[in-house]
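We did not get these values from a lab; they are worked out from the coordinates using the rules stated. Given the structure is predicted, the values throughout are model-derived calculations rather than measurements. We place every Cβ from the backbone using ideal geometry, glycine too, and count neighbours over all the protein chains shown.
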Amino acid sequence: MTKVELTPAFLIHRRAFKDTSLLLDFFTRDHGKICLVGRGLRSSKTNIQMFQNLNISFSGKSQLKTLTHWEVDDSPRNLKGEALILGLYVNELISRLLHDHDPYFELFEFYKQFVDQVSKSEQADRYWLLRLFENNFLSELGYSLDFAQDIGGLPIDKNAFYDYQAQSGFSQNSTGKISGELLDLLLLESLDNIPNKDQLKTCRDLNRQRLNLLLGNKPLKSRELFFTKK
């Protein structure tokens with residue numbers, strides 16, 4: 001019988017299960033993505049929330065285990081508007097693309113940072129936070145990119161432009177859409193140096209191309225929420 005006590009976790013999705021229970025998807029620090037039964041939680045007055053750093057306990061003999069205890073280990077947080085949509089988008093990426101039960105220690109910390117900062121940030125800052133999270137997310141899945149040099153091994157020239165070669169890297173092209181300056185910012189990953197509006201759009205398109213290879217022909221529902229809002 002498996003029994004785990006007070007492991008750090010975030011709730012990323014929930015849905016009804018039988019008459020009074022919930023199926024709860026958690027992203028945990030030590031056990032990766034897991035699904036638990038929250039017995040009686042549909043009628044509970046104490047509602048378990050997403051985007052809160054929790055400590056959870058669970059146990060069981062079968063593959064589907066039971067949440068036995070949870071407590072909040074975080075400051076109060078209530079994502080609204082665009083911050084909420086971006087949070088739901090990140091949760092859906094985790095739900096769709098991470099393997100069950102595989103720990104992603106560094107990604108858990110990146111997620112924790114993202115959730116903490118996205119509600120406090122201005123729009124451009126939020127988009128940059130999201131792009132950096134996507135890059136780290138892809139790296140954890142084994143799809144990292146080298147932002148320091150091109151596919152020929154030459155250092156990235158901040159004054160040049162580049163094309164993206166899928167799953168390979170960047171090749172210099174005078175008519176390319178990706179500036180060396182943007183690649184340098186992606187390498188630095190600094191929240192104090194945010195790309196301009198056009199560079200953020202280029203970064204969005206680049207990451208969308210990279211993620212679509214993994215998502216296939218099943219679009220993310222959270223993207224539909226974003227377009228509806230817009």
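Just report the Cα centroid separation between segment 193-214 and segment 144-160, whole Å.
17
Name the residue from Ser179, Leu36, Asn55 whose Cα lies farthest towards the positive end of the charge dipole of the chain, charges +1 on Cβ of Lys and Arg and -1 on Cβ of Asp and Glu.
Final value for the positive-end residue is Leu36.
Assuming 0.36 nm per residue, please report the length gained on full extension of the stretch Lys61 to Gln149 beyond their Cα-Cα distance.
Residue separation times 0.36 nm, minus the Cα-Cα distance, leaves 26.7 nm.
Taking the highest mean first, how do the peptides 210-222, 137-149 order by number of other beta carbon atoms within 10 angstrom per residue?
Final packing ranking: 137-149, 210-222.
I'd like to know which of Gln117, Gly153, Leu88 lies farthest towards the positive end of the charge dipole of segment 65-156, counting +1 on Cβ of Lys and Arg and -1 on Cβ of Asp and Glu.
Positive-end residue among those listed: Leu88.
Let's see if you can work this out: charge +1 on each Lys and Arg Cβ, -1 on each Asp and Glu Cβ, no other charges. What is the dipole magnitude of segment 2-72 about its Cα centre, in debye to the nearest 20?
240
I'd like the antiparallel share, as a percent to the nearest 5, of DSSP beta bridges with both residues in the chain.
Taking every DSSP beta bridge with both residues in the chain, the antiparallel ones total about 90 percent.
Can you give the FRET efficiency for Leu97 and Arg15, using 1/(1 + (r/R0)^6), R0 = 22 Å, r = Cβ-Cβ distance, to the nearest 0.05?
0.70
If each of Asn78 and Asp125 carries a label point 7 Å out from its Cα toward its Cβ, how far apart are those two points in nm?
2.1
I'd like the per residue volume of the convex hull spanned by the Cα atoms of the chain, given in cubic angstrom.
143
Would you work out the charge dipole size for segment 81-229 about its Cα centre, treating the Cβ of every Lys and Arg as +1 and the Cβ of every Asp and Glu as -1, and quote it to the nearest 20 debye?
Result for segment 81-229 is approximately 640 debye, rounded to the nearest 20.
Which of these, Asp163, Asp198, Asp116, has the largest mean-square fluctuation under a Gaussian network model of the chain (Cα springs below 10 Å)?
Asp198
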